[in-house]
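Reading through the structure tokens given below for one structure.
The values are calculated or read from the model by the stated rules, or taken from the named source; none is laboratory data. Only a predicted model underlies this, so the values are computations on that prediction, with no experimental measurement involved. Note that each Cβ is placed from the backbone with ideal geometry, even for glycine, and that neighbours are counted across all protein chains shown. For accessibility, only protein heavy atoms count, side chains too; no ligands or nucleic acids. Shrake-Rupley method; radii C 1.70, N 1.55, O 1.52, S 1.80 Å.
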Amino acid sequence: MKKLTALLLMLIIVLAFAACGTAEEDPMIHGVNAVVTGIDGENGTMTVKDADENGILGIECDIDCSGVPVIYYDDETQDLDDLTFDDLEVGDPVILNIRASELEPLQAGGSDGTAINVEQIQLGTWQPS
């Protein structure tokens, strides 16, 4: 009976390690430069475009901003300010952190109007009042 229990325990441990090894990795893409082209405060979304011609977002991309942290980091003072979605304005440069899986629909030719999710929005320039 002890051998059967030990064998069963060993099998469970092996299966647990095998399950951990098969998880797909979804890397984070840091520092995607974009410009805000539209804001929908009612739905908590914004529209952005690439800040560069060779960017990965394209001409227009909707971002779901609900529950996403918005920050501003001042390089000179090294101050980190927590902002809100309401602090964003059309024309603001932003830096996005996005999971690679969120970009797959865009790279395949469009997101069918569905807003993609981002992990963080960093305002590029901001003048606190």
Checklist entry - Are any residues in the range 55-69 more than 16 Å from HIS30 (Cβ to Cβ) and in contact with a helix residue (DSSP H, G or I) (Cβ under 9 Å, 6 or more places away or on another chain), and if so, which ones? => result GLY58, CYS61, CYS65, SER66
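Okay, residues lined up against (1) in a helix (DSSP H, G or I); (2) open to solvent by 30 Å² or more (accessible area, probe 1.4 Å); (3) modelled with pLDDT under 90; (4) in contact with a Pro (Cβ under 6 Å, 6 or more places away or on another chain):
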site	(1), (2), (3), (4)
GLU76	no, yes, yes, no
GLU89	no, yes, no, no
ILE95	no, yes, no, no
ILE98	no, no, yes, no
SER101	yes, yes, yes, no
PRO105	yes, yes, yes, no
GLY113	no, yes, yes, no
TRP126	no, yes, yes, no
SER129	no, yes, yes, no
Checklist entry - Does the range 59-68 contain any residue that is of a type in the set (S, T, N, Q), open to solvent by 70 Å² or more (accessible area, probe 1.4 Å) and closer than 21 Å to ASP40 by Cα? => result yes
